[in-house]
Amino acid sequence: MSDDSQHQASIQTNQFGDSYIDVVNQKHFQNQSAADIYRQIFDTSLNQKNTLYVIVGTDSGLFIKHLNQYPAPEKTQYLFIELDLIHPIAINQLTDQQLANCHITLPVDWEEQAEKLDLDHYIYNDKVKIIKSLAANDGHIPDYEELFRQVKSKLDAIHHELISTTSQTDFLKNRLLNTVDNILPAKHLEGTASGTAIILGAGPSLAEHLPWIKENEDKLTIIAVSRIYQQLTNEGITPDIVISVDPFEINYQNSKALLASNSTVFVHSNHVSPKLPAQRDGLSFYLDSLFPWESSKNRENLENHGPTVTHSALGLAIAMGFDEFLLSGVDYCYAETGQTHADGAKVNIDPTNAPTVETYTGKIAFTDKNLQMGVKYLAEIAEPYTGKVFNLNNNAARVAGIDYKSNPDISGTKWQLPEIDKATTKQQLDHLNMVKKELAKARASYNEILKLSKDAIRFNDSLHGKKGIKQDFKSQQKLDKIEQKLNSKYKGYTSLAQLVASREFLRLLNQDSNNRTAEHEHRWLDNYYNAYLKGTLVVLDAIEAAQKNADYRLQEYKPKPKVDVLIDHWKKLDIPGRSCIWINAHADSTEINNQQELLK
């Protein structure tokens, strides 16, 4: 809402005594009282239990004033977000008897306020609802529409990020296995670039742009997703940076061609398929933190933007400081032939069910839900850089903040890698020993969490007895001390255990905590600490595998390594390229000369 509109606004009072800003609510309250209107809204849209309602606009404060008069459903919160100019007026409508579950905040503060209201809990239970006030719903004030769009987009992103981590056991195992190779953080690349970067995705439009890319290769910094590395080299194009994020075997199979060359810089997520960094002999940089728990060994690093590798690539290019960003093969929709990727992969499209997006030509193209969601997240990354990000394909999905541009003129110079050397043998050994020490420390903590969880289950049985009736009240004190330890001494570790057992914890959050019988409480606590047990055991299993991997890696540096043991390990992990790296590093070793047959 503009300042001019505010200056021209006046406060109106209807026959029912409701005061409101005329330019905000116009005719909403001319013929009906606010009490009647909001009673109907409450009864139909705002009365669900255990729900976080995010409401854009307050209708001059009347919405929150009248909502305050109704009994709130159990565990339900109402978060109002009001425009800066209206916020003071809305505050004046609040009363001394303001309900604890009604909150009002400014647009700049709403995320922080939502976190205080335990936003994650509501998201995990699919209990976040965003609605518009009367004024915001009418659409006559553009600021409300823009605010609603921004809030909804952010909520969708947070939802996707949280839900996508509810079954991340494989991600965790990969991340810990990668600790031996995650030595150089991508932070080293921050602010090192200028000129034009081109992000090459695996969309079907890539092929049509390759001749132009090759023609301008000496002026473009090429950042390519890993699965197209072989396709680019077949065309005589050498990417400057290759990026990979997926932890799955298929990503390794599609990307392993990049292991043949050390001339390209490799940037990857901390949870990428371990087969890639383990067999990489050139420069590699990892994104995000090294360890998945709170640790002083987690160095400051660049974020891995998700959910796809293309988002990560653009986020990296922005952090590196380029002046202009071009996109090719970043389509987020299918070609008319049904082609989904530059390698010719196709999908059968069901036009009755397939989602659609609008392209830069104004036409409608088919896509899928994941790609459709990817459009939203790409817009979040690109919008602050509007006017600097361009897609070379006019048949790509239209993304806010990204314009279409055909065969642009390229100025500036190609990015040059700063003087960053691969880790020396000493640095690698120091890193491995640090990793071993950190893993041992974490393992000890998780073993203690495991013991505390088992003790808690036993004390819970003592407290409630066989029939659920409370008997041993000393056990209550012991349970309280255990919970205090979990939430204080081991706080930096418990969140990971909760994450990997999130499905079990979420089931507990769905159960009402009030008015439970002693028997219900007994069962609830038993499930609670068993969830801790399950999550902790998964983490311990991943730590143990990572410790063994670190031991084998240290074996590579021994004066007289057990080559047969190393080879068995490399075969088990399917990382034969590790032997080549080891041979290159120990070319003068008599042990290698004595074990040539084993290495074949």
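The values are calculated or read from the model by the stated rules, or taken from the named source; none is laboratory data. Because the structure is a prediction, the values reported are computed rather than measured. Cβ: placed from backbone, ideal geometry, glycine included. Neighbour counts: every protein chain shown. Just the protein is used for accessible areas: all its heavy atoms, side chains included, with ligands, DNA and RNA removed. Shrake-Rupley method; radii C 1.70, N 1.55, O 1.52, S 1.80 Å.
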Next item on the list: Show the residue pairs that are 6+ apart or on different chains and have beta-carbon atoms under 8 Å apart, the first residue being within the range 60-72 and more than 17 Å from I91 (Cβ to Cβ), the second being part of a helix (DSSP H, G or I) and open to solvent by 20 Å² or more (accessible area, probe 1.4 Å).
Entry: Q69/A35; Y70/R39
Margin query: For the range 313-339: of the residues being small (G, A, S) and touching an Asp or Glu at 6+ places or on another chain (Cβ under 9 Å), which is surrounded by the fewest Cβ atoms within 10 Å (Cβ to Cβ)?
Written below: G321
Next item on the list: For residues that are more than 26 Å from the chain's Cα centre (by Cα) and part of a loop (DSSP other than H, G, I, E, B), scanning just the range 353-368, find the one that is surrounded by the most Cβ atoms within 10 Å (Cβ to Cβ).
Entry: Y360
Item checked: Selection within the range 509-546 - open to solvent by less than 30 Å² (accessible area, probe 1.4 Å) and at pLDDT below 80 -> none
Next item on the list: Check the range 412-423 and report whether any residue there is within 30 Å of A542 (Cα to Cα), modelled with pLDDT under 95 and charged (D, E, K, R).
Entry: yes
Check: Does the range 290-310 contain at least one residue that is assigned to a helix (DSSP H, G or I) and either out of contact with any strand residue (DSSP E or B) (no Cβ under 8 Å at 6 or more places or on another chain) or open to solvent by 10 Å² or more (accessible area, probe 1.4 Å) (or both)?
Finding: yes
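Out of L506, L554, L486, report the one residue that is of a type outside the set (D, E), surrounded by fewer than 20 Cβ atoms within 10 Å (Cβ to Cβ) and at pLDDT 90 or above.
Just one listed residue meets the conditions, L554.
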Item checked: Residue list for the range 533-548, filter: of a type outside the set (K, R) and more than 23 Å from the chain's Cα centre (by Cα) -> L533, L537, L540, D541, E544, A545, A546, Q547
Next item on the list: Pairs only if they're at least six apart or on different chains, beta carbon under 6 angstrom, first in the range 235-256 and farther than 23 Å from A186 by Cβ, second surrounded by 15 or more Cβ atoms within 10 Å (Cβ to Cβ) and hydrophobic (A, V, I, L, M, F, W, C); list them, first residue then second.
Entry: E235/L210
Next item on the list: Being at negative phi and part of a loop (DSSP other than H, G, I, E, B) narrows it down to one of G236, G203, so name that one.
Entry: G203
Margin query: Looking at L439, L429, L371, can you tell me which residue is open to solvent by less than 70 Å² (accessible area, probe 1.4 Å), under 29 Å from the mean Cα position of the chain (by Cα) and modelled with pLDDT of 90 or more?
Written below: L439
Next item on the list: Could you pull out the residue among Y229, Y252 that is surrounded by 24 or more Cβ atoms within 10 Å (Cβ to Cβ), in a helix (DSSP H, G or I) and of a type in the set (F, W, Y)?
Entry: Y229
Margin query: Just to confirm my filter: which strands (runs of 3 or more DSSP E) fall fully inside the range 28-116 and include at least 3 residues that are open to solvent by less than 20 Å² (accessible area, probe 1.4 Å)?
Written below: 52-56, 77-81
Next item on the list: Could you look through the range 168-185, keep only residues that are in contact with a helix residue (DSSP H, G or I) (Cβ under 7 Å, 6 or more places away or on another chain) and either over 26 Å from L429 (Cβ atoms) or of a type in the set (A, V, I, L, M) (or both), and pick out the one that is modelled with the lowest pLDDT?
Entry: Q168
Next item on the list: Output the residues belonging to the range 258-284 that are more than 19 Å from R553 (Cα to Cα) and either at pLDDT 95 or above or open to solvent by less than 30 Å² (accessible area, probe 1.4 Å) (or both).
Entry: L258, S261, T264, V265, F266, V267, H268, S269
Next item on the list: Considering only residues that are of a type in the set (V, I, T) and surrounded by 16 or more Cβ atoms within 10 Å (Cβ to Cβ), look in the range 557-580 and name the one that is nearest to N487 (Cα to Cα).
Entry: I575
Notebook entry, point to check: Applying the selection to the range 542-566, what residues are assigned to a helix (DSSP H, G or I), charged (D, E, K, R) and in contact (Cβ under 8 Å) with a residue 12 or more places away in the chain?
Noted result: E544, D551, R553, D564
Notebook entry, point to check: Which of the residues spanning the range 176-194 are open to solvent by less than 50 Å² (accessible area, probe 1.4 Å) and not in a loop (DSSP other than H, G, I, E, B)?
Noted result: L176, L177, N178, T179, V180, P185, A186, L189
